[in-house]
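As structure tokens, the structure follows; a few thoughts come after it.
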Amino acid sequence: MTIKPLIILPDPVLRQVSKPIERVDADLQRVVDDMLDTMYDAPGIGLAAIQVGVARRMLVIDLSKEGEEKQPLVFINPEIVSSSDERSVYEEGCLSIPDYYAEVERPAKVTAKYLDREGKEQSVEADGLLATCLQHEIDHLNGVLFIDHISRLKREMVIKKFTKSAKSKAL
Ligand code: NI
């Protein structure tokens, strides 16, 4: 069990496009388990590999509530195959943009295919929070952040704030 340091805005690593995973083996499963430990420690409900500096197409999600049994979901090479015209709005946050939240509108339902932790092909029809969370995390694999879905003015303000605080930490 290893908790990995999180990559924080404005680190350019977050803008990298992650590469597909060719083989699901024990080494990869160790990275997945580290990602889960890191997400639970934060705590957060979703984490993409790039947020711990691994530019590979995988992500973890757990939407269980505090005190409930954990329900870790592992998505390897996830791909959205269809999205609803219906949209929904959620207030989103991101472990790479700590303490910042904003409302984002996205398709309310998505169907995604992916490989699970064992490398087995799966598909999921997601709605509600899972649909939003999946889209947010898959965005990460393409170097896209949730602040790219808000107004330019708000986005520039957040980036400026995080750039300043990164500089003051570097001193
Ligand atoms: Ni995020």
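Only the coordinates and a few stated rules stand behind these numbers; no lab work does. For clarity, every value in this text was computed on a predicted model and none was experimentally measured. So basically every Cβ, Gly included, is an ideal-geometry build from the backbone, and we count neighbours across all protein chains shown.
Quick notes on this one:
- Amide H within-cut-off set for residue 100, under 5 Å, with H built and near neighbours excluded: 94
- Residues whose placed amide H lies under 5 Å from that of residue 56, excluding near-sequence neighbours: 19, 50
- Those residues of segment 1-44 whose amide nitrogen sits under 16 Å from the label point placed on residue 101, 7 Å along Cα→Cβ: 43-44
- Estimated FRET transfer efficiency (residue 37, residue 113; beta-carbon r; R0 25 Å; 0.05): 0.40
- Sequence-distant lysines (8 or more away, or on other chains) whose Cα lies within less than 27 Å of residue 70: 4, 109, 113, 120
- Between 76, 42, 26, the Cα set farthest toward the positive side of the dipole of segment 12-170 (charges on each charged residue's Cβ, about the Cα centre) is that of 42.
- Take each peptide in 81-87, 15-21, count the other Cβ atoms within 10 Å of every residue, and average; sorted highest first, the result is 15-21, 81-87.
- Partner lysines for residue 164 [C-alpha distance under 18 Å; skip if fewer than 8 residues away on the same chain]: 154
- In a reduced charge model with +1 at each Lys and Arg Cβ and -1 at each Asp and Glu Cβ, the chain shows a dipole moment near 940 debye about its Cα centre.
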